[in-house]
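The next block holds one structure in the form of structure tokens; read it before the comments.
Every read-out reported here was derived from the displayed coordinates using simple, explicitly stated rules and does not represent laboratory data. These numbers were taken from a predicted model, which means no experiment stands behind them. Please note: Cβ atoms are built from the backbone with ideal geometry, for glycine as well, and neighbour counts cover all protein chains shown.
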Amino acid sequence: MQKVYIILLNYNGWADTIECLESVLRNDYPNYQVIVVDNNSPNNSMDYIKKWAEGKLDVWVDPKQPLRHLSFPPVKKPIPYVYYNREEAESGGDIELESSLIDQIPDEITSKYPLVFIQAGENGGFAAGNNIGIKYALAKNDFEYVCLINNDTVVEKDFLSLIINKMQNNTKIGICASKINYYSNPNLIWSNGGTLNKVTSQTKHIDYQKIDNNQEPNSKITFLTGCMWVIKKEIFQIVGLLNESYFMYVEDLEYSYKVQKAGYRLEIEHTSKIYHKVGASSDGEISEFSTYWMMKNRVKFILSNLKNIYKITSLCFVILTRILRFPKWIFKGHINIVKAQINGFYRGIMKK
């Protein structure tokens, strides 16, 4: 079984990260190592995560939460870990130290490697944080796949093994993902893959808010949300790392676009499932913060990647839909959302 690095990015979300780790460390794929990258959280997240690994802190999941069994009761502690700064991580860490900790891993944990904790030292955004973990993996060069997964998720036990099996049977899959359902409503689909309309630059989640009847995606997948990816190592060599200039949002769309341009496919393994606390990292599903970055980066993507005719149609579509939507949002008292989108559009056009 080829090694997989599972990378979680944390920013102020230590409780979510711990719940995610509790579920990930029970998965049934036999060859994986977990990396947690902290984007310099001001709430001392990494200290809490270390205490959890040492057995000094537990996160108690609501007994009424239907997914509680995926991360509870807590796995046995302590769990050995190594702690690196960014420079140490990007040079491949300390292999001898990591090897010396293998015998200390509790039997019930399915990984045979110590946890890797990395302090980024700054909040460079989603792409920059994940790239630190990817660079660590590339420096060690002992793997075949990288799994990026949001820290505000929990996973089914077989989420990874199902995906790896699919990818090993089809060498043209560059990125494969799980079906993603709502954490708050586990039978409701958030994303079963996605599509990009280049004429409008709109992305849509397939089967969005439909009941999960174990259905396969009903459209060709041309976009995968960065909430969860499994990426082949050769993709990093051909396409490169994630674009750090986006900071947050749309970097997943651009990477999906580039992977397809390189001749690889995007796929979903619909029997593999994870559950997402939608909006936990952006102060809600709709917020001033999220709408600003979504608008700015959407414009950036349009100008940087699409052909001229699609640049024109997409920008016209964005402007027209704002003209139609802004009065409704203002009437409902969402003036800050309107201002954030105008600011985002301006800064995207001016490439600021």
Selection from Asn165, Ser71, Ser99, by position along the positive dipole direction of the stretch 45-171 (Cβ): Ser71
When N is the residue count of the chain, what does its C-alpha Rg come to as a fraction of 2.2 N^0.38 Å? 0.98
Taking 0.36 nm per residue of sequence separation and subtracting the Cα-Cα distance, how much length would be gained by fully extending the chain between Asp94 and Leu324, in nm to one decimal? 77.2 nm
The chain: DSSP helices with Cα axial extent of at least 18 Å and average Kyte-Doolittle hydropathy no lower than -0.5: 126-140, 288-305, 308-331, 335-349
Could you check what % of the DSSP bridge pairs in the stretch 168-286 are antiparallel, to the nearest 5? 55 percent
How would you order 152-164, 168-180 from highest to lowest mean count of nearby Cβ atoms within 10 Å? 152-164, 168-180
FRET efficiency, Leu188 to Ser219 (Cβ-Cβ, R0 22 Å, nearest 0.05): 0.70
Peptides 236-249, 19-32 ordered by average Cβ neighbours within 10 Å, highest first: 19-32, 236-249
Log entry: pair-distance distribution for the stretch 48-168, C-alpha pairs binned every 5 Å from zero, whole % per bin is 2, 9, 15, 19, 22, 19, 10, 3, 0
Virtual paramagnetic centre 7 Å along Cα→Cβ of Thr271, amide N under 14 Å, in the stretch 170-208: 179
Indicate, rounded to the nearest 5 percent, the antiparallel portion of the DSSP beta bridges found entirely in the chain. 35 percent
How many times 2.2 N^0.38 Å is the alpha carbon radius of gyration of the stretch 134-232? 1.15
Diffusion constant of the stretch 9-103 at 4 °C, which comes from Stokes-Einstein with the Kirkwood Cα-pair radius and 1.567 mPa s, µm²/s: 89 µm²/s
Would you mind calculating the relative contact order of the stretch 138-244 from Cα pairs under 8 angstrom and at least 6 residues apart, reporting the percent as a whole number? 33 percent
Gap in Å between the Cα centre of the stretch 1-29 and the Cα centre of the stretch 179-196? 19 Å
Toy charge model, Lys and Arg Cβ at +1, Asp and Glu Cβ at -1: the chain dipole around Cα centroid in debye, rounded to 20, equals 1980 debye
Beyond 18 Å, what share of the Cα-Cα pairs of the stretch 191-333 is found? Please give it as a whole percent. 63 percent
Gain upon complete extension [Ile211, Gln104; 0.36 nm per residue less C-alpha separation]: 34.2 nm
Cβ-based net charge around Lys352, under 13 Å, with every Lys or Arg adding one and every Asp or Glu removing one: +4
At 7 Å along the Cα-to-beta-carbon direction for both Trp60 and Lys261, put a label point, then send me their distance in nm to one decimal. 5.2 nm
Quick check on the chain: helices-only [θ] at 222 nm, where DSSP H runs of length 4 and up contribute -39,500 (n - 2.57) each and the sum goes over total residues. Nearest 500, please. -11500 deg cm²/dmol
Chymotrypsin sites (Phe, Trp or Tyr not before Pro) restricted to the stretch 171-231 and DSSP loop, no more than 16 other C-beta within 10 Å: Tyr208
Determine the dipole magnitude for the stretch 107-225: charges of +1 sit on the beta-carbon of Lys and Arg, -1 on that of Asp and Glu, nothing else is charged, the reference point is the Cα centre, and the result goes in debye to the nearest 20. 520 debye
With the crude spin-label approximation of a point 7 Å out along Cα→Cβ, what separation in nm comes out for Phe143 versus Asn305? 2.2 nm
Using the scaling law 2.2 N^0.38 Å as the reference, what is the normalised Cα Rg of the stretch 288-352? 1.11
Pair Glu234, Lys351: separation of 7 Å Cα→Cβ label points (nm): 3.3 nm
